[in-house]
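Comments concern the structure below.
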Amino acid sequence: MEKTRQVVRKFLARPQHEGVGAVVRRSIGRFELRYLDPFLVLDEFSVSAPAGFPDHPHRGFETVTYMLEGAVTHEDFEGHRGTIKAGDVQWMTAGRGIVHSEMPAGPGTSKGLQLWVNLSSHNKMIEPRYQEMQSKDIACASRDGVTVRVIAGQSMGAQSPVFTRTPTMYLDFTLRPHAVARQPVCAAWNAFAYVLEGEGVFGGGDKAGPHHLLLLGQQGDGVEVWNNSDKPLRFLLIAGEPIGEPVAQLGPFVMNTEEEIDMTINDFEYNINGFEKAKHWKSQALVVLD
């Protein structure tokens, strides 16, 4: 690293209601930060049954769900069904269309994060795809009081097998007290940090605690984070290559133009062009809610 990126903006992600009875802390995708190319939304969610995210559609982007506590069962109209538990990751490419549900599995509170990664116009209408990793299979490295879990990209010699259509780095760092993390980041990529636990000093000296997002400036080829406290620090470092295309969004649909959004609404309402199976499908979760 030749130059460390500085924090250019910092704010607290405040709770808001989403889905059915669920609570999320949204940092990207609200008025403070509408969009950080290529990232559309970042939610830190907390949900307990019977609340959750019942049947809903997506088109034009990817969702990355990373579980912190508990478990979530997901199912879709293609017949894909599974449960991701603490430490597991699901990288779902919605592409041309998917309808799915995400509901807590078992008692207690399930917590995690969901990141929406935009797709280029070339990839928006591809077939849906899943990549899933159990916690034990996620690449991990430790050195000098720093441990990193590599969800996407590479760090400290560890590399993720996840294929990212939109080039993305997604790292989960834990720093022991008084440890320092240094991570190269492509100079052309947008990057941010999100604090999960503890308190850290980022870039040129900005201090932040849990639920804070720190937007990192584009001047620099790396990030430095210090844990000057006596407690562990855990944060996400996420970066991605900007797509540089217009964004037209209506709820769960993200395209390039308003005309494409209108077409998507029509496709969904009439169960065509990728949404054919939605006509006669209902998740087990929705059956229970009914």
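The values are calculated or read from the model by the stated rules, or taken from the named source; none is laboratory data. Just so it is clear, the model here is predicted, and its values are computed rather than measured. With ideal geometry, Cβ positions are generated from the backbone for all residues, glycine too; neighbour counts draw on all protein chains shown. To get the accessible areas, we keep the full protein, side chains included, count just its heavy atoms, and leave off ligands, DNA and RNA. Shrake-Rupley method; radii C 1.70, N 1.55, O 1.52, S 1.80 Å.
Descriptive notes on the structure:
- Counting 0.36 nm for each residue step from ALA86 to GLU258 and taking away their Cα separation leaves a gain of 58.1 nm.
- Cα-based reach from LYS136 at 16 Å (exclusive), listing aspartates and glutamates while leaving out same-chain residues under 8 positions away: GLU69, ASP88, ASP172
- Spin-label pair HIS122/ALA158, simplified geometry with 7 Å Cα→Cβ offset, distance in nm: 3.1 nm
- Label assignment, Cα extents along the principal axes in Å derived from the structure, set [x] 56, 43, 33; [y] 74, 41, 38; [z] 55, 43, 39: [x]
- Estimated from the Cβ-Cβ distance and a Förster radius of 22 angstrom, the FRET efficiency linking GLU132 and GLU78 is about 0.95.
- Of GLY97, GLY112, GLY145, the one that fluctuates the most in a GNM where the chain has Cα springs shorter than 10 Å: GLY145
- Taking label points 7 Å from Cα along the Cα-to-Cβ direction, GLU199 and GLU32 give a separation of 1.7 nm.
- Solvent-accessible area of the chain (1.4 angstrom probe, protein heavy atoms only): carbon and sulfur portion equals 50 percent.
- The Cα atoms of segment 105-189 give a gyration tensor whose axes a ≥ b ≥ c have a/c of 1.5 or more with a/b no greater than b/c, which makes the shape oblate.
- A straight Cα-to-Cα reach below 16 Å connects LYS3 with the aspartates and glutamates ASP221, GLU224, residues fewer than 8 places away in its own chain not being considered.
- CD proxy at 222 nm, helix term only [per DSSP H run n ≥ 4: -39500 (n - 2.57); per residue of the chain; nearest 500]: -2000 deg cm²/dmol
- Probe 1.4 Å, protein heavy atoms only - accessible area per residue of segment 39-187 in square angstrom: 37 Å²
- Choice from GLY87, GLY240, GLY60 showing the highest fluctuation, given a GNM over the chain with Cα pairs closer than 10 Å: GLY87
- Within a straight-line Cα-Cα reach of under 27 Å, LYS279 can be paired with the following lysines, leaving aside sequence neighbours fewer than 8 residues apart in one chain: LYS124.
- In range of the label at PHE11: residues from segment 25-54 whose backbone nitrogen is under 12 Å from the point 7 Å along Cα→Cβ: 26-36
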